[in-house]
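**Q** Pasting in a structure now, in structure tokens, and then I'll have a few things to ask.
Coordinate-derived values only; no laboratory data. These numbers come from a predicted model, not from an experiment. Neighbour counts run over all protein chains shown; Cβ positions are idealised from the backbone, glycine included.
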Amino acid sequence: MSCEACRTIPPVISGEYTPKGRYEVLAGLKTYITGDSNSNIGLVDVYDIFGLASQTLQGADLLAQRLNAIVLVPDFFDGDALPHEVVPPDTEEKREVMTRFLATKANVPQNVDILIHAIDQYKASFSNVGKWGAFGLCWGGKVTALASSANSPFAASGQVHPGAMDIADAQSLTIPHIVLASKDEPAEVVGGYAEVITKGRGGHVETYPSMWHGWMGARANLEQVKSRAEYTRGYNQLADFFERNLA
């Protein structure tokens, strides 16, 4: 049995962060790859609409180290993520940019298909992996949830401060699923997920009542003690969940 210290992610770096992984093209996408290429655990980290942010890459590195896993962060937006200044979309110009982005590069059904088809190359590239899991941040949570229905290529999945939550997505789940919600997600939909999961899908649903939408992704504030602690706790919960379901 692992000691408790070994079962906790490494300390989170609050200042300038240097990612530990590398980039390769997999399944036609520039992909951040971190962790042990010979691992029997594989994770796909579907980022939020701000793309390959430092906080997101650090989260991938933390999971790779804690789980001794290979973790992939595909760049679905091909280096052209949504600019931070567009959020909140509180002007007509910002709304137009957001609407166009969500209809094109961030089109959810299109990216679900890309993710599902990519797993064939992931399996070929990392043949030691016995089980693949996936989780998504915000926008990526919606993509991951829809890729977790019938005939999912994943053994377990999750969403963190999910975007566009829908109870119908929960009802379509066929694999264990974890939801870590912020105070900004609709409580009734989070509750609907909890009801579905406790009735047989397996997994965990929890709301972080003091955290905002984005606290574990590109909008994470790692300088502030409380939010850094909750970022750490969230990635530990993800690690615990995937350790149970993928190991």
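**Q** Taking the radius of gyration and the Kirkwood hydrodynamic radius from Cα positions alone, what is the Rg/Rh ratio for the chain, to two decimal places?
**A** With Rh from the inverse mean 1/r over Cα pairs, Rg/Rh is 0.93.
**Q** Using the 10 angstrom Cβ neighbour count as an exposure proxy, how do Ile178, Ile114, Ile9 rank, fewest first?
**A** Fewest-to-most ranking of Ile178, Ile114, Ile9: Ile114, Ile9, Ile178.
**Q** Over the range 145-247, consider all pairs of different Cα atoms and compute the Kirkwood hydrodynamic radius from their mean reciprocal separation; express it in Å, one decimal.
**A** About 13.9 Å for the range 145-247.
**Q** If you don't mind, there's one more thing I want to ask. May I ask you to derive the relative contact order of the range 102-247, considering only C-alpha pairs under 8 Å and at least 6 residues apart, and to give it as an integer percent?
**A** 19 percent
**Q** Here's another thing I want to ask about it. Considering Cα pairs under 8 angstrom that are at least six residues apart, work out the relative contact order of the chain and quote it in whole percent.
**A** 20 percent
**Q** Under 17 Å between C-alpha atoms is the cut-off here; go through the chain and count lysine pairs that meet it, provided they're at least eight residues apart or on different chains.
**A** 7
**Q** What's the ranking of 217-226, 21-30, 161-170, 66-75 by average number of surrounding C-beta atoms within 10 Å, highest first?
**A** Order by mean packing, descending: 66-75, 161-170, 217-226, 21-30.
**Q** Going out from 0 in 10 Å bins, what whole percent of all Cα-Cα distances in the range 1-128 drops into each bin?
**A** Going from the shortest bin to the longest, the percentages are 12, 37, 31, 16, 4, 0.
**Q** Please rank Ser182, Ser157, fewest neighbouring Cβ atoms within 10 Å first, as an exposure proxy.
**A** Fewest-to-most ranking of Ser182, Ser157: Ser182, Ser157.
**Q** I've got another one for you. If you average the alpha carbon positions of the range 169-222 and of the range 19-70, how far apart do those two centres end up, in angstrom?
**A** When both Cα centres are located, 22 Å separates them.
**Q** Multiplying the sequence separation of Ile13 and Val87 by 0.36 nm and subtracting their Cα-Cα distance, what value in nm do you get?
**A** Between Ile13 and Val87, full extension yields 24.1 nm more.
**Q** Within 13 Å, Cβ to Cβ, of Leu146, how many net charges do the neighbouring residues add up to if Lys/Arg are +1 and Asp/Glu are -1?
**A** -2
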